[in-house]
Every structure is written in C-alpha cells, then in structure tokens.
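The values are calculated or read from the model by the stated rules, or taken from the named source; none is laboratory data. Keep in mind it's a predicted model, so treat the numbers as computed, not measured. Here the Cβ is made from the backbone with ideal geometry for all residues, glycine too, and neighbour counts use every protein chain on show.
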Amino acid sequence: MGAEAVRVLVVDDSPVDRRVVELLLRAAHCGGGGGGAAPFHVTAVDSGKKAMELLGQRRSNRLSTSSPPASADVSEQAIDIVLTDYCMPEMTGYDLLKAIKALGSPNPIPVVVMSSENEPQRISRCLTAGAEDFILKPLKINDVQRLRKCSGVKPKTAVMNSSSFEVSHYFQFIFKFILLTYALMCLSQLFHRWSNGSFLSLWCA
Amino acid sequence: MAAAALTNQLNALVNNMFAMGLLDDQFQQLQMLQDSTAPDFVSEVVTLFCDDGERIICELARQLEKPNVDFDRVDSYVHQLKGSSASVGAQKVKNTCIQFREFCQQRSRDGCLKTLDLVRTEFYDLRSKFQAMLQIMNRKAESTEKKKNCDAEAEGAS
C-alpha cells in the first residue's frame, strides 16, 4: 500500500535551486526512497510573500469546506512542511519562518531553512525561532530523509502495522482472561468437593 | 553514431570537466538522480543554470558600469550565481564567485571588474562544454529511440 504524500512548499528566489530541489525530492522517492517511503508533492514559489499568500489560501480553503474535496486534488490541500531559502530579497527565510509561527495555528507547519552559508549564528537564530532543521545548500539526497522526518507525516504502512499490533494484543488479553477464569472455576470445583469430603471419590471417578 | 560510442564520448567529456576542476561531486549527485523516471533531470537543470547565469552576468556588468556602484546589490547577484553554481556542481565558477564577494565586501570596483571578467570567461567555457554535453545526450537519446523502433519493427516482422 502506498504512503501518504508529503506536501512540501519550496521557497527560493533562485530558479535553478528551486528546480534542483523539486527534482531531487521527486527523484528521491522514485529512485531510492521506495519501500513504503512517502512520496513528495512539491509546490515551488519564488518569494516569502507568495508563500504566505499560498498558505493563507490553503488555510481558508480548509476552513470553508467541512470535508476534503471529492476529487482529492493534492495541489489544493494543506502544506505539510515548508522548505525555505534563508537569503531572499524583501522577505528573508527567517522573516517567513517568524510569519508562519506567528499564524498561531494549533498544529503549526514545520519549517526547514536552507542556506549556502554555514554561519553558526544564522543557524542558531533560525532554530531558536522555531525552525525544525537547518540544511546546508546544495541539497543532497541524504537531506531528503531529514525533511521527511521533520514533516511528521507517517507512512500508511506504519499506521496499519500499529493498529494490527493493537488488535492481536487485545485478543491475547482476552484469551488469557478466559484461561484464567476456567482455571479459577476448576479450582473452586475442587475446593467444593474437598470441603464436602468427596475428595477420594473425585480421584476414583 | 551508435549509442555505445556516444556514451563513451559523453563520459570522456564529463571526466575531462571533472579533471579540469570545472565540476565537483554535486554534479555526480545530479547524474545519479537521472534515471528512467527523470530522464531529463540533468539537461533541465543545466539549461536553467546556463540561462540564469547569463542573466546574472549581464546584470553584474550593468551594475558595475554605474558611476556609483551599489556593492550590496552586486554582492546579492554574485551570491545568487554562487548558489546556483553550487547547486549544479559548477566548482570553478562557484570558487570565483567567493573571491568576487570578497571584493564586494571591500567595496573595490577594480577588484570586482577583474573578477567579473574571470567569472565571465569561466562561465562561458563551462557553458560551451555543457552545450556539447547536451548535444551528445540528445543524439544518444535519438539513437536509442531509433534502435527501439527498429527492434520493434523487426519483432513485428518476425
């Protein structure tokens, strides 16, 4: 059974970087990330402003409809994780991170920041502001797994395995309870006959 | 030309680019991701890089021609070029961009102009090799397609 798609919003002002990340995330599932690993559905925008507009749109779509759309169009559903570049004009990745956290959602969208600069101050600033992770560019195939973990989307097989485990655990409990009850009944029978003095007749029967 | 010969030609070209320091292991990562599910991965990314790089270099030349150079703006463009070079594995261009940024920090117009010439030369050299690589890849794809069609016809005939 296929895993639920991880819906990633990629925010980067560089068209090359946007495309590389997009293709890398798609190829990571098809190439080597199979075996139940969640595929990525990628939406890419070139600025923090567009990212906020899109997130606002998706949020109001979800609030205005009581049930998911019948066509189950992944592109219109909520975003599971935002992957943003740090250095962008007008609205930096850090500004975007703070804006997303300021939305005050009960389930805030995880944000991962990426940058080509390995600056400890920048990294700690982003993590303190609530970023799930900080990835150094250029993105590599190993970084895809980190992204998957940060998204918090469980593969369907894991959910199925945990529910079937609970069911078998329940049946085991019931079986043990029945055995214990039967054993107690036998013991009480024995005690009753012994107290009536018919213990010997029990052995002879 | 047969697909095998084209493959050898392509490998020789790419190996030469690695040997000359034009490419680094990031390009190898991109090559590894190219398979039947993403057959145009490398050509798409390389084409985007060539177009975007050309745009940035033109913009840099324009900015540095101004009487009052906005070094922060220049630095921002160089940062973009450095980023996209790193993403495709264009090692030499990336390293020159690092030097370029230092001259931007120093607010040195002469330093920036000299480094721009160097970046331009290296970028055009890389671009011509990328274009040769894409031509070989296209010819190889055509050759493979032709062979498939021939095999299918032969199977149908038999």
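Among what's in region B:30-69 and is away from chain A (no Cβ under 13 Å) and outside any helix (DSSP H, G or I), pick the residue that is nearest to A:Cys87 (Cα to Cα).
The selected residue is B:Val69.
Can you tell me which residue in region B:89-126 is surrounded by the fewest Cβ atoms within 10 Å (Cβ to Cβ), limited to those that are among the small types (Gly, Ala, Ser) and within 13 Å of another protein chain (Cβ to nearest Cβ)?
By that ranking, first place goes to B:Gly89.
If you scan region B:84-143, which residues turn out to be more than 28 Å from B:Ala12 (Cβ to Cβ) and in contact (Cβ under 8 Å) with a residue 24 or more places away in the chain?
Hits for region B:84-143 are B:Arg101, B:Cys104, B:Gln105, B:Arg107, B:Arg109, B:Cys112, B:Leu113, B:Leu116.
Give the number of residues within region A:8-51 that are at pLDDT 90 or above and either among the polar types (S, T, N, Q) or part of a loop (DSSP other than H, G, I, E, B) (or both).
So the count comes out to 6.
Pairs, please: C-beta under 6 Å, at least 6 apart or cross-chain, first residue more than 8 Å from chain B (Cβ to nearest Cβ) and over 20 Å from A:Lys149 (Cα atoms) and in region A:14-38, second at pLDDT 75 or above and surrounded by fewer than 23 Cβ atoms within 10 Å (Cβ to Cβ)?
From region A:14-38, the pairs are A:Arg18/A:Ala44.
Return a yes/no flag: does region B:20-28 have any residue that is at the interface with chain A (Cβ under 8 Å from one of its Cβ atoms) and either under 22 Å from A:Leu139 (Cα atoms) or surrounded by 14 or more Cβ atoms within 10 Å (Cβ to Cβ) (or both).
yes
Could you tell me which residue of region B:73-88 is surrounded by the fewest Cβ atoms within 10 Å (Cβ to Cβ), considering only residues that are more than 7 Å from chain A (Cβ to nearest Cβ) and farther than 11 Å from B:Arg101 by Cβ?
For region B:73-88, the residue satisfying everything is B:Arg73.
Please work out if A:Asn118 is in contact with a strand residue (DSSP E or B) (Cβ under 7 Å, 6 or more places away or on another chain), within 14 Å of chain B (Cβ to nearest Cβ) and free of Cβ contacts under 8 Å to residues at least 40 places away in the same chain.
So A:Asn118 fits the description; yes.
Within region A:121-144, how many residues turn out to be within 14 Å of chain B (Cβ to nearest Cβ) and among the hydrophobic types (A, V, I, L, M, F, W, C)?
Matching residues across region A:121-144 total 5.
Name the residue, out of B:Arg127, B:Arg101, that is modelled with pLDDT of 95 or more, within 26 Å of A:Leu24 (Cα to Cα) and in a helix (DSSP H, G or I).
B:Arg127
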